[in-house]
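Working notes for the structure below.
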Amino acid sequence: MFEMFDHTTTDWIYVDHSSIYNWLFYSFLSIGLSFFTISVAKNKSIITNNILLIIAAVFSYWFLGKSTTILIQVLISILLISQWWSRFKDWVFLIYPITGVIFTTFFGILLSSSGEQIWHVFIGPSGTISVLTFYAVLKRSRKKEIISA
């Protein structure tokens with residue numbers, strides 16, 4: 001939602017800039033990914049580290065720049081992937097790092113470096129596929145749970 005608000009200020013053309021809406025977008029993305037991790041984590045240090053990473057991501061945007069925030073999100077994503085893989089061990093989950101991390105980063109780099117707006121069209125669907133992966137893994141785990149019960 002905040003990404004869309006930001007685009008209304010730039011006439012729906014991607015502009016690599018810092019803004020309150022961009023900050024909110026990156027902050028809530030960090031919080032959401034961390035909550036996904038915390039939801040399956042059993043280790044208190046993983047939970048504590050995620051909370052610290054949320055704080056770091058939220059404050060780093062203004063003090064250290066968007067690049068640092070993205071780097072922190074990479075760390076959050078690594079924790080997320082390791083915790084979800086540990087919990088579910090479902091090969092479908094491999095779609096998340098491919099679409100949610102590799103593809104969105106690749107298209108984002110192409111967009112930022114070239115300025116060609118067409119690359120922005122691919123970022124949203126890649127992110128959507130990654131979110132649907134979480135749903136698929138949870139749905140499949142529920143079926144496995146019912147079958148084994």
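The values are calculated or read from the model by the stated rules, or taken from the named source; none is laboratory data. Keep in mind that what you see is a predicted model, and the values were worked out from it rather than measured. Because the Cβ atoms are built from the backbone with ideal geometry, glycine has one as well, and the counts that use them run over all protein chains shown. Remember, those area values only see protein heavy atoms, side chains included, never the ligands or the DNA or RNA. Shrake-Rupley method; radii C 1.70, N 1.55, O 1.52, S 1.80 Å.
Overview of values
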item: Proximal lysines to K139, defined as alpha-carbon separation beneath 25 angstrom and excluding residues fewer than eight positions away on the same chain; result: K42, K89
item: Contact order relative to length of the range 90-148, as percent, for alpha carbon pairs under 8 angstrom and 6 or more apart; result: 44 percent
item: Cleavage-rule hits (chymotrypsin sites (Phe, Trp or Tyr not before Pro)) in the range 5-51: DSSP loop, at most 16 neighbouring Cβ within 10 angstrom; result: W12
item: Relative contact order computed over the chain (Cα-Cα under 8 Å; 6+ residues apart), in percent; result: 19 percent
item: Restricting the range 36-68 to trypsin sites (Lys or Arg not before Pro) in coil, as DSSP defines it, with at most 10 other Cβ within 10 Å; result: K42
item: 0 to 90° range, to nearest 10: angle between helix 44-63 axis and the chain longest Cα axis; result: 10 degrees
item: Solvent-accessible area per residue, Å², over the range 1-83 with all protein chains present [probe radius 1.4 Å]; result: 58 Å²
